[in-house]
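Worksheet for the structure shown next.
The values are calculated or read from the model by the stated rules, or taken from the named source; none is laboratory data. Every value quoted in this text rests on a predicted model; they were computed, and no experiment measured them. Positions of Cβ are backbone-derived with ideal geometry, glycine not excepted, and every protein chain shown enters the neighbour counts. When the accessible area is computed, the model is the full protein with side chains, heavy atoms only, and any ligands, DNA or RNA have been set aside. Shrake-Rupley method; radii C 1.70, N 1.55, O 1.52, S 1.80 Å.
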Amino acid sequence: MGAFDRRVSRRVFAGVPVAVLSWMAARNLPLAAAPVRGEEDWVRGNIRVTDDAFAACIEPVVAVNPLDPRNLLAVCRVFVGSDIGVAAYASFDGGDTWRARGLLPGLVPDFDGNPTVAFDSRGRAYVCCVVATQGPPRHGDVLMWRSDDGGRGFRPSTTVIAGGPGLVDHPSLTIGTGSRRTSAPLYLAAGVYGTAADGVVVARSTDGGRTFQPPRGLDPAAGARAIAPVAAAGPDGSLTVAYVTPSPSGGVLLKAVTSDDHGETFTEPFTVAEVPAMAPGLGDVTAKSGPALAAAAGGGLVCAAVTGFDDATGMSRLLLTTSAGPTDPAASWSEPMTVAAGDETVCLQPQVAIADDHRIAVSVYALSLATLRMDVLLHISEPVRAASTQPVFGPPLRVTTRDFDPRQAIDTGSTHWLGNYQGLTAAPGHVFHPIWTDTRTGRAQIFTATVHRHHP
């Protein structure tokens, strides 16, 4: 990563609980390297998800079946020669073993990707991804597949958002709550580019994904400058969509819109956080960073995470902000708190999940500037009793059992592409499932872990 300016000056860490800083200082440990007591009791090793004929795999996502927490479904981008497709992998033993399901039915690899996956309350799984041409210019639609058996098989795809002359990018699927008589609403947020109505949009289905209403724009003023949308639905008709836009000062704004009526109406966009940049340039490695969003299954808590990087100081930060939900949204979001910060490790690609006891988990890639190798770290908070209460995080948990070299990611001819996001989901019983791209085998493959939150 030769072009990357390391700027190491051993500055450390704002916003970390005093007790944690004292514990670290007594051992002369920087935050990103701090071990966790009883770490071996938390992480049940690293499990390789992908081990098939694809040349490389990147950008994984994962979801857990609410009716059977041992059933997980993972989806990722896969390389077939010079083409890219999307493949699925299912687990029925809590992530200990995985079954390859192959390419999504009917998909012919070209430049497909950006998968997103979710289960509804009836245990049905939905997978969306961009089906696109390599161009130029690129064209692409978002298609959806449904599985009624935990990922063993999929129904034929349906079109969620058609790109027409342009491209639909970075879809994010979330599912609300239904009843015995009504299907849970499905919401698909995405960016649309190269059309007459560019920007972040959301499409909604009220019939189990059979049809979707036409997408509606959420921030017409930002237009094509709005990118990387993520969506999270609550149990009470609430829906939040977050995305990023350039700020007037040259930085990046994390913005959001919310709905409290199942996506019928939305608030005006408002700014949640601002950072100088989300990630530094990494030379011959591409690993972009974006925002993350999660809503508690029981309601009352929404979390947004973003990484920030200050090129002038070399300081990398992981920020988190919380909200009680869509009521009076501009006033209800907390000031962003610093979960981690330092100039010896760069945080990339945050993901966030909320456990059933309102513990917040935030995963990140942690790139060591001393070794230029990566780990996956997981920050877990104490239970958050109210959205107005600042979460309390202890030292981070190292999820990866081995660090890895991102320069061994897939070589596209112009860069080593590690992908632009990873995955994280929460399961009942204080369990988290991070999933990530890893090169420990010498090529980009997908690994996961089961993280149990043990009580002292």
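Can you give the net charge of the other residues whose Cβ lies under 12 Å from the Cβ of ALA355, counting K and R as +1 and D and E as -1? Could the numbers behind the result be given before it?
On the way: positive: ARG359, ARG453; negative: ASP356, ASP357, GLU382.
Overall, the nearby charge balance is -1.
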Quiz item: Across region 187-201, in residue order, what do the Karplus-derived ³J(HN,Hα) couplings come to in whole Hz, using 6.51 cos²θ - 1.76 cosθ + 1.60 with θ = phi - 60° and x for Gly and Pro?
Solution: 10, 10, 8, 7, x, 10, 9, x, 10, 7, 9, 5, x, 7, 10
Exercise. Could you list the trypsin sites (Lys or Arg not before Pro) in region 114-162 that lie in coil according to DSSP, counting only those with at most 16 other Cβ atoms within 10 Å of their Cβ?
Key: ARG122, ARG152
Exercise. Using only the alpha carbons of region 353-456, determine the length spanned along each of the three principal axes and report them from longest to shortest in whole angstroms.
Key: 49, 26, 25
Quiz prompt | Solvent accessible area, Å² - LEU103, 1.4 Å probe, full protein context | solution = 60 Å²
Practice problem: For region 386-402, just list the computed ³J(HN,Hα) in residue order, Karplus coefficients 6.51, -1.76 and 1.60, θ = phi - 60°, integers in Hz, with x standing in for Gly and Pro. | Solution: 8, 4, 7, 8, 5, x, 10, 10, x, x, x, 9, 7, 7, 6, 7, 9
Self-check item: Cα gyration tensor, the chain - rounded (a/c under 1.5), prolate or oblate
Solution: rounded
Self-check item: With all protein chains modelled, accessible area of CYS128 [1.4 Å, Å²]
Solution: 0 Å²
Quiz item: Fully extended, how many nm does the chain gain between LYS288 and GLU264 (0.36 nm per residue separation, minus their Cα-Cα distance)?
Solution: 5.4 nm
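Explain nothing, just the number: relative contact order of the chain, from Cα pairs under 8 Å at least 6 residues apart, as a whole percent.
Details: 1357 pairs, mean separation 71.0, N = 456.
Relative contact order here is 16 percent.
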Quiz item: If r is the Cβ-Cβ distance from ALA100 to ASP357 and R0 is 45 Å, what FRET efficiency results, to the nearest 0.05?
Solution: 0.85
Quiz item: Got a number for carbon plus sulfur as a percent of the chain's accessible area, 1.4 Å probe?
Solution: 52 percent
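Can you give the accessible area per residue of the chain, in Å², using a 1.4 Å probe?
Values: 17560 Å² over 456 residues.
Computed with neighbouring chains in place, this is 39 Å² per residue.
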Self-check item: Label-point separation in nm, GLU382 to ALA162, each point 7 Å along Cα→Cβ
Solution: 5.5 nm
Practice problem: Take LEU282, LEU67 and sort them by solvent-accessible surface of the protein heavy atoms, 1.4 Å probe, largest at the top. | Solution: LEU67, LEU282
